[in-house]
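Each value in this text was obtained by applying a stated rule to the coordinates, not by laboratory testing. These numbers come from a predicted model, not from an experiment. Heads up, the Cβs are rebuilt from the backbone with ideal geometry, glycines too, and the neighbour counts pull from every protein chain shown.
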Amino acid sequence: KLSPVVEVCQLKANPLLVPSTDCLLDGLGHAVLIFGPATMALDLTNEQYTRNWDTKSPLLDAAMFYRITVRGAPRGKALGFLDVDPVDQGVKNLRTGDVVQFQDGRTLPIKVRIQEGAFGSRNPDHVEQVVPTHITTPTGTLDVTTTTFFAGARFSDGWLPQGAVEAGIDQVVVTIERVPVHDATPATTCLQSGLLELEGCYRFRTDPDLHQFGPFRVNVIEGVCFELPIHTQAPFQLHRRAEDAEGNPTGPTVALEDADAPFLRCDRFAVTPPLLTLRDLSSGRLQEFASAGWHAVLRGIGRLVTPQALHAVDLGAGGSTDGFSRTGYARGVTMVKTAATDNQSATAGMSALQDLEVCLTTSHPTTAPLVGAPVTFTVGAGGGRVGGASSVQMSTGATGCAQAPWTLGSSAGVNTLQATALAFGSPQTFTATGVPVCDCWTTKASMPTARNALAVGVIDGVLYAVGGIGAGGAVATVEAYDPASNTWTTKAPLPTARHRLAVGVVNGILYAVGGSGNLGNPPAVLATVEEYDPATNSWTTRASMPTARLDLAVGVVNGILYAVGGVGSLIPGLPTVEAYDPATDTWTTKAPMPTARFGLGVAAINGKLYAVGGASNAPNGGQYATVEVYDPATDTWTTKASMSATRHLLGLGAINRTLYAVGGEGSIPTLNTIVGSVEAYDPVTDLWTTKAVMPTARAFLGVGVVSGMLYAVGGAGPGFTVLRSVEAYQP
């Protein structure tokens with residue numbers, strides 16, 4: 001399968017006196033040859049290659065020394081050389097001192113035996129074969145496979161790089177060899193890509209090295225058997241990666257376009273123990289190996305193959321490549337973090353409001369979420385805990401995403417955490433700021449329009465105060481507060497003026513739900529839903545609630561808006577729960593709240609809705625301290641510890657997985673007293689704690705949370721004074 005060449009050059013000096021001497025060079029730095037390169041013929045009888053050298057053409061200079069070199073291909077790796085000194089009717093072998101006589105007074109027969117592995121391979125699963133650029137088979141292709149048929153390549157006519165052909169190279173020695181690796185850890189896999197890889201790792205290279213000449217003119221199909229018991233839609237694809245001078249993978253990991261490799265036989269492929277180290281190669285010059293980590297074929301197509309046996313793929317699976325390097329199978333996966341879970345703020349020692357989240361997506365055979373993949377979350381600077389420990393492993397769910405709860409360190413300052421997975425984009429670093437424990441209130445810029453019975457929603461760190469009762473009754477006013485600049489801006493008004501409404505935010509869009517459009521008795525109860533897009537500063541009408549109501553509360557879990565309780569047209573306190581899906585613009589009735597009520601507060605923590613306080617005008621009703629929790633996953637309610645005192649028309653917000661009940665109409669010292677009291681609820685301990693009193697007692701207020709701060713907006717003060725004031729609470 002080889003076609004070696006022999007060449008002879010004149011040396012610069014006597015190699016016995018100057019061991020480092022080399023061939024004379026021309027002006028371009030190339031060796032000046034007096035013979036060759038000449039192709040050697042195979043002598044099958046004596047298992048050697050031969051070529052006769054006519055020493056009279058040109059005539060040898062008896063005062064000079066010469067070097068005979070055998071290469072695997074023109075300009076290829078030197079497989080061996082011999083220095084000689086011309087003597088009368090022959091040449092002297094300078095290594096042994098033996099004199100070899102010329103035949104017929106001028107001809108020197110050159111005979112060599114090339115052993116297996118002469119091109120650097122010591123793995124029995126390998127091949128060394130000459131491949132010409134012009135392939136004249138009936139199919140126009142030439143298949144080269146290793147001894148096991150576990151790996152190989154298909155060459156097409158005219159495949160050599162144009163630069164190589166222009167340099168006079170019309171054939172090369174192709175070497176394909178198995179690289180023994182351990183897949184126990186990412187550091188010992190074939191490509192060391194940081195991806196999940198399979199057993200089945202091969203090095204493809206040429207002699208001479210072609211990478212200096214550019215990409216192949218015609219792509220070569222590489223094929224590699226791989227370890228996979230059942231190949232259904234597993235997202236594994238052939239990848240390649242270049243090697244450095246020490247044989248270590250380096251540079252980008254490049255996916256190859258799928259191509260069939262019918263020249264493989266994979267039915268007996270299996271995991272094998274390592275046979276040698278990457279540095280145990282006879283040449284000692286790995287820098288000569290092809291390092292073709294360039295001109296990547298990045299696109300892939302969906303392709304499924306069916307196994308005929310364990311660890312086997314029928315006919316093999318391959319990839320199309322325009323250069324050689326180390327090749328193996330890897331699962332192409334990209335990991336990204338959910339931006340909303342990064343750069344959070346929380347009180348030092350408390351939990352971040354949102355669980356950290358990363359999402360994994362496969363790229364082959366089609367783009368899809370990767371389900372069931374392990375992701376490790378590890379605490380970095382600042383201390384703290386993730387999932388109750390310094391490190392925790394979570395698995396991706398149906399959406400390809402994995403989440404983990406993060407409790408910040410006890411000291412104020414920057415906290416970091418890393419999420420790692422076998423994926424491109426790993427690791428992902430999360431940052432959060434731990435703010436000092438304060439339990440204090442600060443006065444902020446007042447709202448331009450004084451009002452109560454309004455609702456507040458937060459989008460991208462900006463609070464939107466919507467509707468309410470102003471000086472002349474129900475208003476359509478919408479004003480936005482930016483905590484970063486402590487300023488207010490007027491926005492497009494509601495299409496339907498109303499008060500005693502509720503709002504929720506889903507995917508950056510605010511939804512105004514229910515309320516009343518008048519101050520009459522009985523009030524005009526609304527089922528209206530209107531959607532506000534801050535990007536366009538415009539409103540759009542959406543599907544109405546099935547049940548019209550006012551003094552309701554709204555919470556959002558996993559992109560679904562839940563309308564809870566309120567006052568209906570006839571009933572003075574509702575248990576009703578209805579869920580709105582903005583994606584379909586539809587409503588669905590859910591399990592009713594155990595305690596019918598209006599004027600309650602609702603907030604979400606860890607995918608559950610907490611309904612707090614409220615009142616009922618029904619017989620045996622009254623004002624409540626009740627807390628009930630709704631789990632959308634099971635559509636069930638659970639009763640939790642009550643507040644220390646009853647209240648309704650309160651505000652409720654969640655900071656660092658803690659609920660804060662603010663203001664409202666209480667029962668101390670008398671029923672319906674407007675209060676400024678604040679209580680905090682910890683869902684983990686099911687306990688309430690009294691916090692710093694709000695400077696301005698108020699009910700019918702709006703509440704929003706931005707960056708770990710709770711903002712109490714507007715409302716009705718003692719004596720039902722309509723308020724413009726804004727006060728911010730820091731836990």
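Between Asn537 and Thr584, how high is the FRET efficiency from 1/(1 + (r/R0)^6) when r is the Cβ-Cβ distance and R₀ = 22 Å? Nearest 0.05. E between Asn537 and Thr584, to the nearest 0.05, is 0.30. Only Cα pairs under 8 Å and 6+ residues apart enter the sum, and on that basis the relative contact order of the stretch 5-112 stands at 26 percent. Shape index of the stretch 483-579: Rg/Rh, with Rg the Cα radius of gyration and Rh the Kirkwood radius from the inverse mean 1/r over Cα pairs, equals 1.00.
The ranking of Arg268, Arg331 from fewest to most other beta carbons within 10 Å of each one's beta carbon is Arg268, Arg331.
Overall, the anisotropy analysis places the stretch 447-715 in the rounded class: the square-rooted eigenvalues a ≥ b ≥ c of its C-alpha gyration tensor yield a/c less than 1.5. Once the Cα-Cα distance is subtracted from the 0.36 nm per residue extended length, the Thr250 to Gln48 segment shows a gain of 68.9 nm. The mean sequence separation of alpha-carbon pairs under 8 Å and at least six residues apart, normalised by the residue count of the stretch 569-702, gives a relative contact order of 17 percent. Shown here are the Rg and Dmax of the Cα trace of the stretch 334-435, at 13.5, 47 Å.
Charged side chains reduced to their Cβ positions (Lys and Arg at +1, Asp and Glu at -1) give the stretch 447-715 a dipole of some 480 debye around its Cα centre.
Here the Karplus relation 6.51 cos²θ - 1.76 cosθ + 1.60, evaluated at θ = phi - 60°, turns the backbone of the stretch 23-31 into coupling constants of 5, 4, 10, 8, x, 9, x, 8, 4 Hz, with x for every Gly and Pro. Working note: Karplus 6.51/-1.76/1.60 with θ = phi - 60° gives the stretch 691-702 the couplings 10, 4, 5, 5, x, 10, 4, 7, 10, 6, 8, x Hz, where Gly and Pro are set to x. When every Cα-Cα distance of the chain is counted in 10 angstrom steps from zero, the calculated P(r) takes the values 3, 12, 17, 14, 11, 10, 10, 8, 6, 5, 3, 1, 0, 0 percent. Here the convex hull built on the C-alpha positions of the stretch 5-112 has a volume of 113 cubic angstrom per residue. The Cα atoms of the stretch 642-731 give a gyration tensor whose axes a ≥ b ≥ c have a/c of 1.5 or more with a/b no greater than b/c, which makes the shape oblate.
The Kirkwood hydrodynamic radius of the stretch 668-713, based on inverse pair distances between different Cα atoms, is 12.3 Å.
Under 5 Å between amide hydrogens, built in the peptide plane, is the criterion, and for Ala259 it picks out Gly318, Gly319, Ser320 among residues at least 5 positions away or on other chains.
Placing unit charges on the Cβ atoms only, positive for Lys and Arg and negative for Asp and Glu, gives the stretch 600-669 a dipole magnitude near 160 debye about its Cα centre. Residues Asp88, Asp22, Asp207 in ascending order of nearby Cβ atoms (within 10 Å, fewest first): Asp88, Asp22, Asp207. So what does the Cα-only Debye profile of the stretch 560-678 read at q = 0.10 Å⁻¹, as log10 I(q)/I(0), no solvent term? So the normalised log intensities are -0.29. Taking other Cβ atoms within 10 Å as a rough exposure proxy, Cys440, Cys401, Cys201 sort from fewest to most as Cys440, Cys401, Cys201. Karplus-based coupling profile of the stretch 206-223, in residue order and whole Hz: 10, 10, x, 5, 9, 4, 6, 9, x, x, 4, 6, 10, 4, 9, 8, 8, x, with θ = phi - 60° in 6.51 cos²θ - 1.76 cosθ + 1.60 and x standing for Gly or Pro. Based on C-alpha pairs under 8 angstrom that are at least 6 apart in sequence, the chain has a relative contact order of 7 percent. For the stretch 386-500, the share of alpha carbon pairs falling in successive 5 Å distance bins from zero is 2, 9, 13, 13, 11, 10, 10, 12, 11, 6, 2, 1, 0 percent. Among Val513, Gly663, Pro161, whose Cα lies farthest out toward the positive end of the dipole of the chain, if unit charges sit on the beta carbon of Lys, Arg (+1) and Asp, Glu (-1)? Selected residue: Gly663. Across the stretch 365-387, the residues whose backbone nitrogen lies under 16 Å from the label position 7 Å along the beta-carbon direction of Thr431 are 380-383. Only the Cβ atoms of Lys and Arg (+1) and of Asp and Glu (-1) were treated as charged; on that basis the dipole of the chain about its Cα centre amounts to roughly 1480 debye.
Site pair Cys438 and Thr489 shows an inter-label distance of 2.4 nm when each label is modelled 7 Å from Cα along Cα→Cβ.
Here the spin labels are modelled as points 7 Å beyond Cα on the Cα-Cβ line, and at Gln89 and Thr334 they lie 7.8 nm apart.
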